[in-house]
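Report on the structure given below.
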Amino acid sequence: MRPLLYFHQYTINQFIQRNNRISRLYEDTKVDKDKLWKKYEDEAKQSLQEYKYNPNMDGGDLADIYTEKMSDMADIFWQIVPQQLFQSITVLYQNFENEIVVFINEEANRYLKKEAHDSIEYGEIEKELLKLHKIYPLRGINKIHELKLLTNVIKHGHGKSYKQLKKIRPDYFEHKDFVFSNERDTIKTWKSIYNNYRALNVQEKEFYIYLESINKFWESLPERVYIDGGEPLFSN
């Protein structure tokens, strides 16, 4: 009997349900950025009102204090909030990679008696999935590969993944208001999102697109994959 890998529907459904719970969590906790900024602004104004009157302090001094407070809040608003998006994207990919590596290796060990020290790494799994995709369409696999490249760019900045991602998503490296420099590539300008969040122009909607692609991937997996490329000896 040729060895088979089984993708049980129950297991697939578990992945889908887990991802749906993640999606609902992020939908329910979305930050209302306008409301958050108004809150920061009100707090800054309130703190200024608490300063006691001093005849030696002119309006310019208060204006400087207000500007400094708002600048600090802007750093939080424009840097830390976007960092949460990048972190969420990275965790989403790492979770997918971990889940499929564990799943494939457990199946390989069950049906092939493959030893743990010969475990199959994600790079090899992805390569085989992309081959399978040409024969049996796997929904979402291309977006998942894009997610992998994006995660690598978030983590490392320049590199092989940056070059590949720029070919398929040049919009991630552009800004419509980026007019103060002759260099239009945001990664080349800021090197890393840890220097400036504008190093990657990734919108919040992309997180949900990648999440949905992962759900579609698990839904589209065949319940059996013939890992030797041959035809089955039986059709059950």
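Yes/no per residue for (1) at pLDDT 85 or above; (2) more than 20 Å from Leu85 (Cα to Cα); (3) out of contact with any Leu (no Cβ under 7 Å at 6 or more places or on another chain):
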site	(1), (2), (3)
Val153	yes, no, no
Gly157	yes, no, yes
Lys163	yes, yes, yes
Ile168	yes, yes, yes
Asp171	yes, no, yes
Phe180	no, yes, yes
Arg184	no, yes, yes
Trp190	no, no, yes
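Does Lys114 satisfy the criteria of being at pLDDT below 70 and either surrounded by fewer than 11 Cβ atoms within 10 Å (Cβ to Cβ) or in contact with a helix residue (DSSP H, G or I) (Cβ under 8 Å, 6 or more places away or on another chain) (or both)? Judged against the criteria, Lys114 is a match.
What do you reckon, is Ile80 β-branched (Val, Ile, Thr), modelled with pLDDT of 80 or more and under 21 Å from Glu206 (Cβ atoms)? Criteria not met by Ile80. Taking the numbered list (1) modelled with pLDDT under 70; (2) of a type in the set (D, E, K, R); (3) surrounded by 11 or more Cβ atoms within 10 Å (Cβ to Cβ) in turn, Asp32 passes all entries but (3).
Among the residues of segment 130-140, those that are of a type in the set (A, V, I, L, M) and open to solvent by 20 Å² or more (accessible area, probe 1.4 Å) comprise Leu130, Leu132, Ile135. Only one entry in Lys143, Lys148, Lys155, Lys166 is free of Cβ contacts under 8 Å to residues at least 24 places away in the same chain and open to solvent by 30 Å² or more (accessible area, probe 1.4 Å), namely Lys166.
The values are calculated or read from the model by the stated rules, or taken from the named source; none is laboratory data. The structure displayed is predicted, hence computed values, not measured ones. Using ideal geometry, Cβ is built from the backbone for each residue, glycine included, and neighbour counts are taken over all protein chains shown. Ligands, DNA and RNA are excluded from the accessible area calculation, which covers all protein heavy atoms including side chains. Shrake-Rupley method; radii C 1.70, N 1.55, O 1.52, S 1.80 Å.
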